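Have a look at the structure below, then the notes.
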Amino acid sequence: MIPTQFEYVAPATVQEALTALAEHGDEAKVIAGGQSLLPVLRMRLNAPEVVIDLGGIPELRGVRDDGDAIVIGAMTTHHTVLNDPLVAEHAALLARAGHELADAQIRHRGTIGGALAHADPAGDLGAPALALSAQFVITGSAGSRTVPADEFFVDLFETAIGEDELLTEIRVPKHTGWGAHYEKFVRVAHQWPIVAVAAAVRVAGGTIAEARVGLTNMGSTPLRARSVEEALVGQPATEDAVAQAAARAAEGTNPPSDLNGAADYRTHLAQVLTRRAVLAAAGA
Amino acid sequence: MTAVEDRPDTESAKEIGRDRRRKEDQRLITGRTRWTDNIALPGMLHLAMVRSPFAHARIVSIDTEAAKTADNVVAVLTGADLGDAQGVCINAWAITTEQLAPTHVPMPTDRVAFAGETVAVVVARSAAAARDAAELVDVEYDELPAALDLKKSAADEVLAHPDLGTNKSAFWKFDSEEAGTGGNVDQAIEKARGDGIVIEREYRQQRLIPAFMEPRSTVVDPTGEQITMWTATQIPHVLRFALAAGSGVPESKIRVIAPDVGGGFGGKLQQTPEEMITFAVARRLGKPVRYTETRSESLMAGHHGRDQWQKLTLSAEKDGTVTGLKVELTADLGAYVAILGGGVPVLGAFMFNAIYKFPAYQFNCQTVLTNKTWTDAYRGAGRPEATYAIERLMDELAAEVGVDPLVIREKNWITHEEFPFTTVAGLEYDSGNYEAATEKAKASFGYDELRAEQRRRREAGDRIQLGIGVSTFTEMCGLAPSRVLGSLNYGAGGWEHAGVRMLATGKVEITTGTSAHGQGHETAFSQIVADRLGVAFEDVEILHGDTQIAHKGMDTYGSRSLVVGGEALVRAADKVIEKAKPIAAHLLEASVDDIEFSAGRFGVRGTDQGLAMAEIAMAAFTAHNLPDGVEATLDSEATYDPVNFNYPHGTHLCAMEVDTETGGVLMRKYTCVDDIGTIINPMIVEGQVHGGLAQGISQALWEEAVYDDSGTLVSGSFVDYLLPTTADTISFDVHHNTTASTTNTLGTKGVGEAGTIASTPAVVNAVVDAVRHLGIHDIQMPCTPERVWRAIHDAGAGGRAETEGAAAPHFDESTGMQGTVDRTDGAQS
Ligand SMILES: Cc1cc2nc3c(=O)[nH]c(=O)nc-3n(C[C@H](O)[C@H](O)[C@H](O)COP(=O)(O)OP(=O)(O)OC[C@H]3O[C@@H](n4cnc5c(N)ncnc54)[C@H](O)[C@@H]3O)c2cc1C
């Protein structure tokens, strides 16, 4: 498990990182927590000539309050995110999903930016980011642009981040007072989900006023279960009502078939897990 | 407790039975020790293997030029380059004299027979340089059709080795009528078809991978008079023999050392091609070399385990009294016949009848060659397969008769008054008490309460159903009486050797031919010696795993170290006492007949005179005043050949919750009451039981080596080959019911494999029991949520599908980069 030789660059600022990226182009790979990249390199599935380490860039770390959103630096570790009080208050769904991600060692190293940039459709953070309508701040030499979650995930392992750009921040609109639950279905604890469902709901007087539902591993990108969301609005948070809405969870999805389950099984799971996630989020 | 004089001669001072912390753990847990991979010798070179990505292919050409000229590369060698010097890997157990076995050269020159087989080796000044250069070796293959599916291969649809003309390696049969140990099974089955019950089932033992913690690693130093090999092995002694037999180098010119070894589970009971290649390269270049595999290589090319189809027919009377059992196995050998090879299913041949009084029994086994990784021993080796089959069948019989699964077992098992009992397979079980273990297990488990809850959930149609699984197992371990091995055509004996060296200062060095790789021999053996010789636990040093230090041995597997190796140790220690007696008598001016040895002290009967063991050791060392004709040493050795196998047993009860909506399963409770005879160290025993249970449960629920249609191992990393962690297992409820073994001095029985052997059927029985009322009587292992769900939704049928599909692509890196494929691990692009 020895990677091929590469040159190691450790920029101190985003600007320096962008300069290094521009210089080395597609010969370079940026490394965040390394929890996805290092296995790739060690199994020699990829062999970049230059590795640009974002670990020494302080401006990329931390969670801050920005009015109607909270802003999470791309290099903030999973551990920090899931223990952050701002996240707990305004974007609890992210913390719930973070709790379920891999194991403690990996959560201390892996970063939210790295996980989202890696864009594994089985990754645990895509669906919550999508459900919470996160905005992705992508920075290139020409400056920053903001991409909505709907447009960020392009395909399997493919995002809107350009070759010479970096993901620098994730802006999550505040969902203060929303109930949240991440229902992850696995065979062993440290596994990526076979299917998972991220649900955030705002319940007012026993009725679901608003709902956001994201699906993990039901297609080549994380997906939003919009028809479920719509069907939930105005419904009581009861098993029957929620089950009816959840029956639509697999609409428009294209789940994979692999060792852990065929597509039809995943379709079934999505419906069951959506019901459970929404009920749990609603506190029912 | 240092001076022997301080040791009060009471039961409570006994070392045997104490939960001593393990002597070896500080260095093993901190890693501050010598593993093979951290052994560095002056001028040492490093190896990387070039492996075939194809399951079956003709090697058209191997171009090593680019690799040879790469930085820091010393040599690139193929099988053709090494020629006869690469030797062969041997099969030590031809199960029949007609067994067909392809020659297994470490690096084939003309044809590869499984994906992951080595075709060339790169030697470089660093491991990284070797690996880089391995990618430059250009091998042209001409792909051949591969024999992959076991049943199709058994029908010779595609040949794994076309030259052999068939995939059928050997057919092995035991028939109780022919052996004179029982009746005619076909008659029993025919009769039952008329007036009794016949249960016919076919079970799948999926392919497993022994996932030891330390990947395999080998260092060879050819620069001394003896060629020294350090290797991560369970079997330094057997390996030395095999290396000599396979390479033609005289045994006396080879020294094998197993330094601290990080687990094995049977997976390091092998003479590996990689060891042979490392040995040959070191000899060729005259320099020390090291090879350490990657985890991918380990999963792909280290031997696999299990992989059988089991066709089973059980006959019984209407009331559930068993009358016959017929077993027809098809066992996948993989591409080559490994060191034990077909012997693994044969080890199960005597165990399908288990603890039950079958009047007629027949076992048939066909071993089959395929183009998959070769298979061999994996924890339990043959006995888990047998136990799974019979314990699943007994549950099926209970369901058919309509009684509790414990009732059907009780009706058929050997009662405690009947020991020693000769079984229909011809073995003599020495001791046990199935009734007592079961009673204890039921009480601790809360059997009746859980059955009541199960009923409630069924009646209410709960989403979560509860199932209770039973496994009243026994096994044969303590391998093995040499005469029996001889009658089975095995190429070696089953004895064990031990030596006791009494040092001048009263300290003791023990040599043992067993070779621990995590078991805790240093601790348990010290406890035995401390009691036997009356010396302090701390004063005993256990030396092992080096053919120069512990020169004689048969190593560690088959739960033999304590029951065979421990007995050798007891006998060697007893010889020390006998040797010390005349010296003590001489010094005490007493008659030898009046010398009594107790708690480390040689006393003169009827007096308060005496000398401590340490004093006699010093007297032997100075030799100033020894009786005439007495040797100036107390050192003693013993080689012990067991008279019988050893038969631990136990009752395992498992409660599983099944989520009928998702098919997800969750363990609720696991209780086991094992009879492993006298317990030397309860803590070590608990560790063995816990680990064993986890491994057996894992076969039931998680682990499976899956190949795709082209013969590539799909579950080629721990992302897809699922191993549990502590997060996935519960706190086990572990108890014992002890009946001492009558075939060894200490009364011990093996515990190394018991948990693994017993637990798999307990878990699957529980899962099936939870959904039996839905028309389900089988779910294929591992019982994945998908299989359970399909079983429920297709009324049983879907639970038996083979696992298919690709690996999950979590580490696929396709984003805008040109990928390179690592040819060194055989991954297909
Ligand atoms: C054993 C194991 C189990 C795991 N289990 C799970 C799980 O259950 N669920 C789950 O979601 N994840 C799991 N992961 C993955 C984990 O979440 C990783 O932390 C995450 O996928 C990658 O984050 P990282 O910071 O380590 O990124 P890295 O591995 O450093 O990078 C990942 C990719 O993103 C790119 N990248 C990183 N940062 C940026 C940036 N700022 N801008 C542009 N590109 C960037 C890199 O170039 C690389 O291509 C597991 C990982 C392992 C090793």
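The values are calculated or read from the model by the stated rules, or taken from the named source; none is laboratory data. Quick caveat: nothing in here was measured; it's all calculated off a predicted structure. Because the Cβ atoms are built from the backbone with ideal geometry, glycine has one as well, and the counts that use them run over all protein chains shown. Areas reflect the complete protein model, heavy atoms only, side chains present, ligands, DNA and RNA absent. Shrake-Rupley method; radii C 1.70, N 1.55, O 1.52, S 1.80 Å.
Can you confirm whether region B:455-470 contains a residue that is part of a helix (DSSP H, G or I) and in contact with a strand residue (DSSP E or B) (Cβ under 6 Å, 6 or more places away or on another chain)? Before you say what the answer is, go through the steps one by one.
Going through region B:455-470, the residues part of a helix (DSSP H, G or I) turn out to be B:455-460.
From what's left, in contact with a strand residue (DSSP E or B) (Cβ under 6 Å, 6 or more places away or on another chain): B:457.
The answer is yes; a qualifying residue exists.
For region A:192-206, which positions are open to solvent by 10 Å² or more (accessible area, probe 1.4 Å) and either within 16 Å of the ligand (Cβ to nearest atom) or hydroxyl-bearing (Ser, Thr, Tyr) (or both)?
A:Trp192
Is it fair to say A:His78 is over 30 Å from A:Ala249 (Cβ atoms), within 15 Å of the ligand (Cβ to nearest atom) and more than 14 Å from every other protein chain (Cβ to nearest Cβ)?
Working: over 30 Å from A:Ala249 (Cβ atoms): no; within 15 Å of the ligand (Cβ to nearest atom): yes; more than 14 Å from every other protein chain (Cβ to nearest Cβ): yes.
Taking the combined requirement at face value, the residue does not satisfy it.
What's the number of the condition A:Gly234 fails, among (1) in contact with a helix residue (DSSP H, G or I) (Cβ under 8 Å, 6 or more places away or on another chain); (2) at pLDDT 95 or above?
In the conditions (1) in contact with a helix residue (DSSP H, G or I) (Cβ under 8 Å, 6 or more places away or on another chain); (2) at pLDDT 95 or above, A:Gly234 misses (1) alone.
Suppose we filter region B:419-435 for residues that are assigned to a strand (DSSP E or B) and among the charged types (D, E, K, R); how many remain?
1
Which condition number does A:Ser36 fail, the rest of (1) surrounded by fewer than 19 Cβ atoms within 10 Å (Cβ to Cβ); (2) more than 23 Å from B:Leu47 (Cα to Cα); (3) within 9 Å of chain B (Cβ to nearest Cβ) being met?
In the conditions (1) surrounded by fewer than 19 Cβ atoms within 10 Å (Cβ to Cβ); (2) more than 23 Å from B:Leu47 (Cα to Cα); (3) within 9 Å of chain B (Cβ to nearest Cβ), A:Ser36 misses (1) alone.
Looking at A:Ala95, A:Ala119, A:Ala104 in this structure, which one is of a type in the set (Gly, Ala, Ser) and either near the ligand (Cβ under 7 Å from one of its atoms) or over 12 Å from the mean Cα position of the chain (by Cα) (or both)?
Exactly one of A:Ala95, A:Ala119, A:Ala104 is of a type in the set (Gly, Ala, Ser) and either near the ligand (Cβ under 7 Å from one of its atoms) or over 12 Å from the mean Cα position of the chain (by Cα) (or both), namely A:Ala104.
Go through (1) away from every other protein chain (no Cβ under 14 Å); (2) part of a loop (DSSP other than H, G, I, E, B); (3) within 12 Å of the ligand (Cβ to nearest atom) for A:Ala189 and report which single condition fails.
Only one criterion in (1) away from every other protein chain (no Cβ under 14 Å); (2) part of a loop (DSSP other than H, G, I, E, B); (3) within 12 Å of the ligand (Cβ to nearest atom) is unmet by A:Ala189, namely (1).
Return the only residue of A:Gly33, A:Gly62 being closer than 30 Å to A:Thr176 by Cβ, of a type outside the set (A, V, I, L, M, F, W, C) and more than 13 Å from the ligand (Cβ to nearest atom). Walk me through it before giving the result.
Details: A:Gly33 fails: more than 13 Å from the ligand (Cβ to nearest atom).
Sole residue among the options that is closer than 30 Å to A:Thr176 by Cβ, of a type outside the set (A, V, I, L, M, F, W, C) and more than 13 Å from the ligand (Cβ to nearest atom): A:Gly62.
Test B:Tyr670 against the stated conditions and say whether it is more than 14 Å from chain A (Cβ to nearest Cβ) and surrounded by 23 or more Cβ atoms within 10 Å (Cβ to Cβ).
So B:Tyr670 passes the test.
Restricting region A:39-52 to residues that are near the ligand (Cβ under 9 Å from one of its atoms) and not aliphatic (A, V, I, L, M), which is most open to solvent (accessible area, probe 1.4 Å)?
Here the residue is A:Pro39.
Return the only residue of B:Val685, B:Val689, B:Val719 being open to solvent by 20 Å² or more (accessible area, probe 1.4 Å) and out of contact with any Lys or Arg (no Cβ under 9 Å at 6 or more places or on another chain).
On the way: B:Val685 fails: open to solvent by 20 Å² or more (accessible area, probe 1.4 Å); B:Val689 fails: open to solvent by 20 Å² or more (accessible area, probe 1.4 Å).
Sole residue among the options that is open to solvent by 20 Å² or more (accessible area, probe 1.4 Å) and out of contact with any Lys or Arg (no Cβ under 9 Å at 6 or more places or on another chain): B:Val719.
Please count how many residues of region A:16-26 are surrounded by fewer than 15 Cβ atoms within 10 Å (Cβ to Cβ) and either within 16 Å of A:Ile161 (Cβ to Cβ) or within 11 Å of chain B (Cβ to nearest Cβ) (or both).
So the count comes out to 3.
Under the condition of being open to solvent by 30 Å² or more (accessible area, probe 1.4 Å) and away from the ligand (no atom under 14 Å from the Cβ), which residue from region A:156-182 is nearest to the other protein chains (Cβ to nearest Cβ)?
A:His181
Those residues that are more than 7 Å from every other protein chain (Cβ to nearest Cβ) and either touching a strand residue (DSSP E or B) at 6+ places or on another chain (Cβ under 6 Å) or part of a helix (DSSP H, G or I) (or both), I need them from region A:256-267; list them, please.
A:Ala263, A:Asp264, A:Arg266, A:Thr267
List the strands (runs of 3 or more DSSP E) inside region A:83-180, counting only whole elements, that have at least 2 residues being of a type in the set (Gly, Ala, Ser).
Numbers: elements: A:135-140, A:143-148, A:153-155, A:166-173.
Here the list reads A:143-148.
Those residues that are in contact (Cβ under 8 Å) with a residue 40 or more places away in the chain and within 19 Å of A:Gly110 (Cβ to Cβ), I need them from region A:131-155; list them, please.
Within region A:131-155, just A:Phe153 meets the criteria.
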